[in-house]
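*Asks:* Quick one: the structure is below, and I'll ask about it shortly.
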Amino acid sequence: MKEEKTLYIVVPCYKEQEVLPETSKRLMKKLRDLEASGKISKSSRVMFVNDGSSDDTWPIISRLHAEHPEYFSGVNLSRNRGHQNALLAGLLTAVKKADMIISMDADLQDDINAVDAMVDAYHEGYEVVYGVRSKRETDTFFKRFTAEGFYKVMKALGVDIVFNHADYRLMSKRAVEGLAQFSEVNLFLRGIVPQIGYKSTTVTYERAERFAGESKYPLKKMLAFAADGITSFSVKPIRLVFNAGIIIFVVSLIMLIYSIIRKMTGVTSDGWASLMVSIWMLGGLQLLGLGIVGEYIGKIYNETKRRPRFIIESVLDQDGEA
Ligand code: UDP
Ligand code: MG
């Protein structure tokens with residue numbers, strides 16, 4: 001029989017005292033069933049990451065660990081660092097012990113039953129399994145509209161992102177180790193994970209409503225998150241400025257010719273031609289200049305992220321497979 005693999009389920013929690021008792025109950029049952037069916041080892045755990053909550057979240061996590069150390073572990077961050085950072089803290093802590101890691105929200109919006117399909121996909125050899133929402137009926141029209149618009153804008157800007165996938169996913173140990181090599185501070189996991197590579201697949205699930213408590217992503221945080229996502233992965237907005245500069249510069253040349261003709265045919269008032277031409281030319285040249293400077297800033301920006309230039313999946317050499 002093949003050696004059993006250890007699963008860690010990483011759950012970032014920010015002021016989730018209302019949902020944790022239920023979430024932990026359901027996750028414990030899930031682990032127990034998976035262990036019984038031999039799909040995961042007995043060292044598998046649910047790892048709750050407390051993201052600097054001011055409520056009873058950490059005391060609840062500590063109690064869960066004290067009562068059932070064979071199911072629950074906890075990580076306590078020194079202060080609130082936001083969902084993406086909390087998730088990363090959990091992933092990088094769990095990777096030391098786990099063979100595969102699933103990340104999931106605490107509020108039970110991610111259907112826990114999709115875990116089975118993810119683990120199966122892992123055993124079939126997939127290293128990244130994306131949880132994809134089949135429909136968004138439980139979301140408000142506004143949330144659905146803004147979220148789907150966001151995915152489309154990201155795609156249009158050339159960012160490799162999985163449509164309707166949030167942060168519910170399974171990653172193999174190797175994939176998380178690859179993720180650890182991305183040293184950027186501005187973290188946008190769902191954009192980075194596809195960059196890691198390896199064999200991946202998707203599992204669809206229905207997104208439920210938040211079990212209890214309220215969303216920790218108010219509109220303001222959502223907009224900041226979206227802006228972060230776009231500016232962390234794309235220098236296209238800079239190109240837009242550059243292109244606008246070119247267009248306006250071309251228009252200024254047309255205006256130049258047009259103004260000279262008007263001047264020659266003598267139907268303009270004094271000063272009109274020179275004013276028109278300078279307004280367009282200066283505007284166009286300024287935008288062009290900005291675009292060029294921006295292009296260099298974009299380069300610096302990409303360099304400072306110090307992303308890994310490659311991740312090797314396997315090597316065939318004289319000693320056989322490495
Ligand atoms: N979360 C976190 N830190 C934060 C905000 C949120 O760890 O600063 C966690 C939260 O506890 C939940 C997940 O991130 O497990 C998703 O948050 P939420 O469900 O509020 O977002 P929504 O589903 O409304 O987009
Ligand atoms: Mg939620």
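No value in this document is a laboratory result; all are computed from the given coordinates. Everything quoted here is computed from the prediction, not taken from an experiment. Neighbour counts are summed over all protein chains in view; Cβ atoms, including those assigned to glycine, are modelled from backbone coordinates with ideal geometry.
*Asks:* Neighbour counts of other C-beta atoms within 10 Å: give me Ile260, Ile248, Ile101 arranged from fewest to most.
*Replies:* The fewest-first ordering by Cβ neighbours comes to Ile260, Ile248, Ile101.
*Asks:* Under 19 Å Cα-Cα from Lys25, which aspartates and glutamates qualify once same-chain neighbours fewer than 8 residues away are excluded?
*Replies:* Glu16, Asp33, Glu35, Asp56, Glu67, Glu70, Asp105, Asp107, Asp110, Asp111, Asp116, Glu209
*Asks:* Which residue fluctuates most in the GNM of the chain (Cα springs below 10 Å): Lys299, Lys15, Lys39?
*Replies:* Residue with maximal mean-square fluctuation among Lys299, Lys15, Lys39: Lys299.
*Asks:* Still on this structure: Treat every Asp and Glu Cβ in the chain as -1 and every Lys and Arg Cβ as +1, leave all other atoms uncharged, and give the resulting dipole magnitude about the Cα centre to the nearest 20 debye.
*Replies:* In total the dipole reaches around 880 debye.
*Asks:* Arg239 to Leu223: extension gain in nm, 0.36 nm per residue of separation minus the Cα-Cα distance?
*Replies:* Once the chain is fully extended between Arg239 and Leu223, it gains 3.6 nm.
*Asks:* By average Cβ neighbour count within 10 Å, what is the ranking of 213-225, 81-93 from highest down?
*Replies:* Listed from highest to lowest mean packing, they are 81-93, 213-225.
*Asks:* What percent do you get for the relative contact order of the stretch 10-117 when only Cα pairs under 8 Å and 6+ apart count?
*Replies:* 39
*Asks:* Please work out whether the stretch 116-168 counts as rounded, prolate or oblate from its C-alpha gyration tensor, where a ≥ b ≥ c are the square roots of the eigenvalues and a/c under 1.5 means rounded, while otherwise a/b larger than b/c means prolate and anything else oblate?
*Replies:* Taking the square roots of the gyration eigenvalues as a ≥ b ≥ c, the stretch 116-168 is oblate.
*Asks:* With Kirkwood's inverse mean 1/r over C-alpha pairs for Rh, give me the Rg to Rh ratio of the stretch 19-86, two decimals please.
*Replies:* Value, to two decimals: 1.01.
*Asks:* On a straight-distance basis, which aspartates and glutamates could pair with Lys155 in a cross-link, Cα separation under 18 angstrom, same-chain partners fewer than 8 positions away excluded?
*Replies:* Partners found: Asp167, Asp228.
*Asks:* Oh, and also: What span do the alpha-carbon atoms of the chain cover on each of the three principal axes, reported in whole Å from largest to smallest?
*Replies:* Taking the Cα atoms of the chain, the three principal extents are 93, 58, 36 Å.
*Asks:* Next question, about the same structure. Would you mind giving the average projected area, over all directions, of the Cα convex hull of the stretch 208-301 in nm² with one decimal?
*Replies:* Averaged projected area of the stretch 208-301's Cα convex hull equals 10.3 nm².
*Asks:* Okay, next question. Over the stretch 174-322, what is the relative contact order in percent, taking alpha-carbon pairs closer than 8 angstrom and at least six residues apart?
*Replies:* It rounds to 32 percent for the stretch 174-322.
*Asks:* Using the Cα centre of the stretch 239-311 as the reference point, and only Cβ charges (+1 on K/R, -1 on D/E), how large is the resulting charge dipole? Debye, rounded to the nearest 20.
*Replies:* Numbers: 8 positive and 3 negative charges, 102 e Å.
Here the size comes out at about 500 debye.
*Asks:* Roughly what percent of Cα-Cα pairs across the stretch 152-291 reach past 22 Å?
*Replies:* Here the long-distance tail beyond 22 Å is 62 percent of all Cα pairs in the stretch 152-291.
*Asks:* Something else: What residues qualify as long-range amide H neighbours of Val49, i.e. H under 5 Å apart, gap of 5 or more or another chain, H built at 1.01 Å from N?
*Replies:* Correct list: Val11, Cys13, Val75.
*Asks:* If I model the stretch 1-44 as equal point scatterers sitting on the Cα atoms and use the Debye formula, what is log10 I(q)/I(0) at q = 0.14, 0.17, 0.22 Å⁻¹?
*Replies:* For the stretch 1-44 at q = 0.14, 0.17, 0.22 Å⁻¹, log10 I(q)/I(0) is -0.40, -0.54, -0.76.
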